[in-house]
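Right, one structure below, let's go through it.
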Amino acid sequence: MNSNAGGITNSSTYYSSTASYATTTADTSNTLYVVGVTSAATTTLKRDTSVTIAGGTVTATSFVGSLTGNADTATSATSATSATSATSATNSTNVYVTKTNPTSGTTYYLPWATGQGSANYGLNANDGLRYNSLEGTTSAAGYGRLILGNATATGTAANKTGWLRIYGDTAYYMDIKGGSVTANRTVYLPTLTATGYLLGKSSTSAIGASNQLVYFSAAGVATGGAKFTSGTGTPSGGSSGDIYIQYSA
């Protein structure tokens, strides 16, 4: 049966060589499908059910090409350009951080960047810098442990010895380095009310000046001998690896 729309027939193919326009009706509540032709069949209208429009929202599985405008939200983005309004570009230079207090010992790999200036850098992480944390309770002590290096021995591939570098008030620094211990060691810092310095012995002779590095021997920290001294004098005797505290009187 023919309609009187200028050659449009009531069939599965909707095409007219003479019709110049079609009457449309506004509809923002129903789902609309994109209708078009293919390069192989330019005279036959087809609809694509994978792309829909409903109430101003276009839904599709992906998009290829450039877009112009600002996005309110985005799950991920390769880059973001700051807008004139600071509030619309707040997260272009920030990342979301989740607070966590683990109830069992948990190790986190700390991210770091390869540059220090204000620029775009990729975040990196490896097993040479880690943070281990446990949330304390009323009956158990918690901790926050910074781990430098790894458990791979020197002379083996991928080994990392833990070093802590501290700069002083000049252009020079001090390195605190883990020694060749034969078992796990825990060093407790003493509680002193006076200003003190950690001093170390690398031999059985008297220790040096108060700015000398702390030295740990393979035998660990000795427990015998005088470990505290006041004034400017330096203790003598003891064994290699002894730790002394020198503090002002």
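Things worth noting here:
- For Asp127: the one exception among (1) loosely packed, with under 12 Cβ neighbours inside 10 Å; (2) without any contact (Cβ under 8 Å) to a residue 40 or more places away in the chain: (1)
- Those residues of the stretch 23-46 which are modelled with pLDDT under 85 and closer than 26 Å to Ala60 by Cα, in sequence order: Thr24
- Residue in the stretch 145-153 that is exposed (fewer than 10 other Cβ atoms within 10 Å of the Cβ) and in contact with a strand residue (DSSP E or B) (Cβ under 9 Å, 6 or more places away or on another chain) present: no
- In the stretch 140-149 there is at least one residue matching the filter, namely being within 17 Å of the chain's Cα centre (by Cα) and among the β-branched types (Val, Ile, Thr).
- Looking only at the stretch 160-178, and only at residues there that are assigned to a loop (DSSP other than H, G, I, E, B) and surrounded by 13 or more Cβ atoms within 10 Å (Cβ to Cβ), the one that is farthest from the chain's Cα centre (by Cα): Gly178
- When residues of the stretch 39-64 are limited to those that are among the β-branched types (Val, Ile, Thr) and part of a loop (DSSP other than H, G, I, E, B), the one surrounded by the fewest Cβ atoms within 10 Å (Cβ to Cβ): Val64
- Test: Thr75 is modelled with pLDDT under 90 and either closer than 27 Å to Leu123 by Cα or assigned by TED's automatic domain parsing to the domain that holds Leu146 (or both): yes
- Selection status of Ala157, at pLDDT 95 or above, exposed (fewer than 10 other Cβ atoms within 10 Å of the Cβ), over 21 Å from the mean Cα position of the chain (by Cα) and not in a helix (DSSP H, G or I): yes
The values are calculated or read from the model by the stated rules, or taken from the named source; none is laboratory data. The model shown is predicted, which means the values in this text are computed figures rather than measured ones. Reconstructed Cβ throughout: ideal geometry from the backbone, glycine too, with neighbour counts over all protein chains shown.
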